[in-house]
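The values are calculated or read from the model by the stated rules, or taken from the named source; none is laboratory data. What you are looking at is a predicted structure, and each value in this text was computed from that prediction instead of being measured. Here the Cβ positions follow ideal geometry from the backbone for every residue, glycine too, while neighbour counts run over all protein chains shown. For accessibility, only protein heavy atoms count, side chains too; no ligands or nucleic acids. Shrake-Rupley method; radii C 1.70, N 1.55, O 1.52, S 1.80 Å.
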Amino acid sequence: AKSKKPSLIITNMRTSRSLVALLLVAASQQSFAVEMSVGWAGSTSAVGDNSAERLDMVCFPKNCGEADTTVHMVVKTEPHTSDRTTINTMSFPSSTMFSEYVLGDSRTCLKEDQGTNTLSTWGEAGYQPAIETFSQTFVGAGTGAYTEIGGPLFTSRTDLVRRPDLMVGGAHGLVATHDTEELSDNWDLEGELTPWGLTYSGPARFYQQFVMFDSDVTINLGDGADITLAPCDLLHLFNFVREEGNTEVATSADWKFRQPNGFSQAEFVMTGAVAVRQVSPSTIAVEVEKQHFLDMTGATDTSLPEYHHEATGKTYVRMYEWKSTVFCKANAAVDDINFEALTPVWDAEFEAALETYVDEQEVIDRGLEGWTHTEPASGDRPEYTLEFYNIPRDQEPLTYRTDESRHQFDHIHLNLRWKNLPPVSECPTLVWDPTFHALPASSDRTVGLDGVLHCAKDEDCPAHQKCDLQDKRRNLKDAKRRKLFGGMATWGGVCVDAM
């Protein structure tokens, strides 16, 4: 039987501090024996301009072709996935790039006669990267109404700002911030509805800081709480400004993965191949069956962290993780990037739950604890019920599944909470960080506007398909396709199911 009240896993940070790997965000798993550079995309707003709708941080090899280029895109209102402020992470192979991301020496070595397809805008025929998307959906003090932090009514009143570059030792860093100060000071959304029918309750004051460096950075905070960043990592600090009486903080997060004109997030997630697992006392992670990841993206391999499940023989790759550690700091300006001001809260208790369907036998066998939440009807949207299960401590995958009789998400949805926090007078701002593992570039292949995957050889296609050159020659007789692909002779075929 499922309880109506949350009964969640608790990790006491005093007993697990030696296991905490702090603040490794968007960790790129490719080898960085080569030198990297960082820069802003060509369309980026000027420093201090608060009118930005999107800021793209680019990490690219100093010498063209020596490593993938990683892009971390912070979008104030992401219209394609959530209408929330999101982080979109993607990678590009050395042979193809969107023109706004062609920086440094890449300008001279990306040439058409080398088979490069440099695109001017998103959505044109050509390489389309797989995109990992993260957004937080609400934040609150845990003792009252939670504040929805998405929808144009909310995000249009926030500021996304490019800040001056930052030097730490010899490392060059890019800095951006996102804050709710104007909205919090002039809160007038009480009782208004989000596009998905939830009610705004607030206000909640918070700001986010994003930093990416071109080389390794270690910031010594003492007592085992070092911040260590590899090149191309995105350090994401979520700063929640607390109010008197606040004893806990809660938030919720959505994780999505898709490839435009390739596969949808539903096709990737709603397959029984994605799971959440407690990988250590201080870390939970979203992991994906490796073969599923390779088949969907067309990547030939990946150096993402791997986990082998003995019972099934399946290997999983870790794409995203959330560290339970939180930090305290004094109230400060949004653009004050002072790492040394962070103090770990070792006594904080962390709780985590995944929205998923689990059959009764698995609940019994694993001793899973779950709870439900019913969202009342709003407008044309009917009432729906969400079913959450605590992330078990058995270090076994909790697979994401759907149930046709309940509300179905096409993504991973997590609820998280920190309790046993210091008094507000000692900890006026609470800081936490979600953790990305930047992905390898998908196979260097072309997807057209019609959704057809184009190729030059069998290796360019997913494992269950082959490259059919004859079929492509027939298709090129169509005038529209000639217009889209006529100049791309290196991609003379289409991927079809192997017989």
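Remarks
- Protein heavy-atom accessible surface, 1.4 Å probe, per residue over segment 363-431: 49 Å².
- Peptide ranges 304-314, 45-55, 285-295 listed from the most packed, as the mean C-beta count within 10 angstrom indicates: 285-295, 45-55, 304-314
- Of Lys256/Lys314; Lys290/Lys329; Lys76/Lys329; Lys256/Lys323, those spanning more than 30 Å from alpha-carbon to alpha-carbon: Lys290/Lys329
- For Lys290, net neighbour charge (Lys/Arg +1, Asp/Glu -1) across residues whose Cβ lies under 11 Å away: -3
- Accessible surface computed residue by residue for segment 140-299, with neighbouring protein chains in place and a 1.4 Å probe, gives 32 Å² per residue.
- Within the shell defined by Cβ-Cβ distances under 12 Å, the residues around Ala266 carry a net charge of 0, with Lys and Arg each +1 and Asp and Glu each -1.
- Taking other residues whose beta carbon is less than 12 angstrom from the beta carbon of Ser425, and scoring Lys, Arg as +1 and Asp, Glu as -1, yields -2.
- Packing, taken as the mean count of other beta carbons within 10 Å per residue, orders the peptides 129-139, 235-245 from highest to lowest as 129-139, 235-245.
- Carbon and sulfur %, accessible surface of segment 302-353 computed with the full protein complex present, 1.4 Å: 45 percent
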